[in-house]
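Colleague: There's a structure below that I have some questions on.
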Amino acid sequence: MGTITAQYIINRAALQLNDTANVRWSRSELLGWINDGQRQVVMMSPNSTNKIATIKLVSGSRQSIPADGWTLLELIRYMGTDGEKPGRAIRLASRRLLDAYNPDWHNDNKTTTPKHYLFDQQDQTVFYVYPPNNGNGYVQLNYSPVPTDLTSETDTISLNDIFETVLLDYVLYRACSKDAEYAPALAAGYLQTFMGAIQAKRATETDNSPNQQMGGFDPNIAGAEA
């Protein structure tokens, strides 16, 4: 979570729009676009709100991330039967391969300690563990929560402060889109700047990842560093 308030971004947007009295664009309208912008950022770059959590597994192979999450980023390690004891790493495995070699793996003997996890992009709030769990194990995971909507101008943004200008560009894009008949190029320009910043973020993360020091690392393959 950042330290920059919605009020700061709204004031900057109003100044840029030459509408400091908020006649054409109300402050509540601008606040709503900040919320929209946060969700758009996280949809394009899920690790922008990454959160580490320890959860208890339910009995069986199918598991769910915390309720505030929209996609799993990584399952990290086993955390014992009380959620307090770091244990073995849990490796990403291919569901397609496991289905092929052991079609009945969902019905294998249940254990406390999972060795592998499986993820399906079609069902992003769910993951599977192998062997199936007996309902007594805890795991630590990294997931992407949905940004909390700001309800007041005194609320701080849900993203890191580095996203201040990104959110400002998004608000200006939405504001100018309201006058698309008169300022289509301006709206398109702000949108292009917004999109470019997110793309640059992803490229910078890849170029500067410590994993790059490991030969053959492919950032596009989950678990490639394992």
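The values are calculated or read from the model by the stated rules, or taken from the named source; none is laboratory data. All figures in this text were calculated on a predicted structure; none of them were measured in a lab. Neighbour counts are summed over all protein chains in view; Cβ atoms, including those assigned to glycine, are modelled from backbone coordinates with ideal geometry. What goes into the accessible areas is simple: the full protein's heavy atoms, side chains included, and nothing from ligands, DNA or RNA. Shrake-Rupley method; radii C 1.70, N 1.55, O 1.52, S 1.80 Å.
Colleague: Given the options V129, V42, name the one that is farther than 30 Å from I10 by Cβ and open to solvent by less than 40 Å² (accessible area, probe 1.4 Å).
Modeller: Numbers: V42 fails: farther than 30 Å from I10 by Cβ.
Going through V129, V42 in turn, just one is farther than 30 Å from I10 by Cβ and open to solvent by less than 40 Å² (accessible area, probe 1.4 Å): V129.
Colleague: Under 15 Å from N136 (Cα atoms), without any contact (Cβ under 8 Å) to a residue 60 or more places away in the chain and surrounded by fewer than 17 Cβ atoms within 10 Å (Cβ to Cβ) - does that describe any residue in the range 90-109? Give the derivation first.
Modeller: So in the range 90-109, the residues under 15 Å from N136 (Cα atoms) come out as 109.
Of the ones still in play, those that are also without any contact (Cβ under 8 Å) to a residue 60 or more places away in the chain are 109.
Still in the list and also surrounded by fewer than 17 Cβ atoms within 10 Å (Cβ to Cβ): 109.
Looking through the range 90-109, at least one residue is under 15 Å from N136 (Cα atoms), without any contact (Cβ under 8 Å) to a residue 60 or more places away in the chain and surrounded by fewer than 17 Cβ atoms within 10 Å (Cβ to Cβ).
Okay, residues lined up against (1) outside any strand (DSSP E or B); (2) under 18 Å from A53 (Cα atoms); (3) in contact with a helix residue (DSSP H, G or I) (Cβ under 9 Å, 6 or more places away or on another chain):
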residue: G80; (1), (2), (3): yes, yes, no
residue: G83; (1), (2), (3): yes, yes, no
residue: P86; (1), (2), (3): yes, yes, no
residue: R96; (1), (2), (3): yes, no, no
residue: D99; (1), (2), (3): yes, no, yes
residue: P114; (1), (2), (3): yes, yes, no
residue: D123; (1), (2), (3): yes, no, no
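Colleague: Is there a residue being of a type in the set (A, V, I, L, M) and in a helix (DSSP H, G or I) anywhere in the range 56-64?
Modeller: As a first pass, look at the range 56-64 and keep what is of a type in the set (A, V, I, L, M): 57-58.
Keeping just the survivors that are in a helix (DSSP H, G or I) gives none.
So far as the range 56-64 goes, no, none of its residues is of a type in the set (A, V, I, L, M) and in a helix (DSSP H, G or I).
Colleague: Continuing with the same structure: Are there any pairs with C-beta distances below 8 angstrom linking a residue in the range 19-36 that is open to solvent by 30 Å² or more (accessible area, probe 1.4 Å) to a residue that is of a type in the set (V, I, T), with the two at least 6 apart or on different chains, and if so which?
Modeller: R27/I10
Colleague: Being open to solvent by 70 Å² or more (accessible area, probe 1.4 Å) and of a type in the set (D, E, K, R) is the filter; apply it to the range 191-206 and report the residue that is farthest from I34 (Cα to Cα).
Modeller: Only one residue fits best here, namely E205.
Colleague: Open to solvent by 50 Å² or more (accessible area, probe 1.4 Å), of a type in the set (D, E) and under 23 Å from the mean Cα position of the chain (by Cα): does that describe D68?
Modeller: yes
Colleague: So, in the range 133-179, of the ones that are part of a loop (DSSP other than H, G, I, E, B) and crowded, with 19+ Cβ neighbours inside 10 Å, which residue ends up nearest to the chain's Cα centre (by Cα)?
Modeller: Of the residues in the range 133-179, the ones part of a loop (DSSP other than H, G, I, E, B) are 135-137, 146-155, 157-160, 179.
From what's left, crowded, with 19+ Cβ neighbours inside 10 Å: 137, 147, 150, 157-159.
Numbers: G137: 25, P147: 9, L150: 17, I157: 15, S158: 12, L159: 10 Å.
By that ranking, first place goes to P147.
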